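So the structure is just underneath, and the comments pick up after that.
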Amino acid sequence: MPAPAFDRPAFAKPAFDVGMATNALEAHQRFWREEAGLAYDHLARLGGGFHQHRWRQGASIVKVNHSRAALADEPPGGYVGLTLAAPRSATLVSPDGLPVTLAPGAPASLHLHVRTADLDGFRRFYGEVLGLEPSGADAFRLGESLISATPGAAPPRADRFARGLRYMTVQIFDCDAATAAAERLGAEVGQPPRTLGAVRFSFLRDPDGNWIELSERGSLTGRDPRPD
């Protein structure tokens, strides 16, 4: 499939994913399988001592990055909760303290909740820089997934691999072009593009300092990403 021309990311998958880091792998395995009811997808080895356990929620993936080395215990960033479409209603808390709501009438398969000190910056970043589709007041959609914001105190600028939910991932066709385009639009690049196996990826930071991964995955784009 040829990559479309774009100034903002051209999405290779109709949903975004979310990523978290933990030292409590067994507790997360029980939580996502037994309490949240998600299906296990597969294990990916990230390097740096991290194993990524991937759980399916519709077209989205909940990525649990496990490290045996102790992770920083930092306050939650701006990504403060998830609502998942599910057959039953439940209010849960993950092993690392993330509020997770199960809701039969959820507006999306995966709904990421954000607290922001800068609603205008949130709207510009997720609407204009990332190019997500507006979906009601202070909410943006990518296919089966939704991100919405409520105003609040500025979240701490946490490390990407501190414990808890720390980033979201959008799958795109060209990581280098998308990263450069976002930087031209004023986005902060938290990590420049690099290649790991069949994935080329970078990280942006939104106006509140939250991490956003731009991922060019060969299994979705139909071609090998460029090497480093």
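The values are calculated or read from the model by the stated rules, or taken from the named source; none is laboratory data. Bear in mind the structure is a predicted one, so any value in this text is a computation, not a measurement. Because the Cβ atoms are built from the backbone with ideal geometry, glycine has one as well, and the counts that use them run over all protein chains shown. Calculation scope for accessible area: heavy atoms of the full protein, side chains included, ligands and nucleic acids excluded. Shrake-Rupley method; radii C 1.70, N 1.55, O 1.52, S 1.80 Å.
Values as computed for the structure displayed
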| item | result |
| --- | --- |
| Residue in the range 89-106 that is surrounded by the most Cβ atoms within 10 Å (Cβ to Cβ), counting only those that are part of a loop (DSSP other than H, G, I, E, B) and free of Cβ contacts under 8 Å to residues at least 40 places away in the same chain | Ala106 |
| Among (1) open to solvent by less than 10 Å² (accessible area, probe 1.4 Å); (2) under 17 Å from Val18 (Cα atoms); (3) of a type outside the set (Ser, Thr, Tyr) - the single one Cys175 does not satisfy | (2) |
| Top-ranked residue of the range 108-162 - restricted to ones that are under 16 Å from Leu204 (Cα atoms) and acidic (Asp, Glu), ranked as least open to solvent (accessible area, probe 1.4 Å) | Asp159 |
| Subset of the range 178-191 that is over 25 Å from Ala59 (Cβ atoms) and over 17 Å from the mean Cα position of the chain (by Cα) - its residue that is most open to solvent (accessible area, probe 1.4 Å) | Arg184 |
| Of the criteria (1) within 15 Å of Gly164 (Cβ to Cβ); (2) at pLDDT 95 or above; (3) open to solvent by 50 Å² or more (accessible area, probe 1.4 Å); (4) in contact with a Pro (Cβ under 7 Å, 6 or more places away or on another chain), which one Glu74 fails | (2) |
| Among the residues listed as Val80, Val93, the single one being within 22 Å of Gly209 (Cα to Cα) and either in contact with a His (Cβ under 6 Å, 6 or more places away or on another chain) or not aromatic (Phe, Trp, Tyr) (or both) | Val80 |
| Which listed residue is under 27 Å from Thr83 (Cβ atoms) and small (Gly, Ala, Ser), from Ala153, Ala180 | Ala153 |
| For Val80: the one exception among (1) over 17 Å from Tyr167 (Cα atoms); (2) part of a strand (DSSP E or B) | (1) |
| Residue in the range 22-36 that is of a type in the set (S, T, N, Q), open to solvent by 20 Å² or more (accessible area, probe 1.4 Å) and closer than 21 Å to Asp159 by Cα present | yes |
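The rows are residues; the columns are (1) under 18 Å from Gly47 (Cα atoms); (2) more than 14 Å from the chain's Cα centre (by Cα); (3) part of a strand (DSSP E or B); (4) acidic (Asp, Glu).
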| site | (1), (2), (3), (4) |
| --- | --- |
| Ala153 | no, yes, no, no |
| Tyr167 | yes, no, yes, no |
| Pro193 | yes, yes, yes, no |
| Leu204 | no, no, yes, no |
| Arg223 | no, yes, no, no |
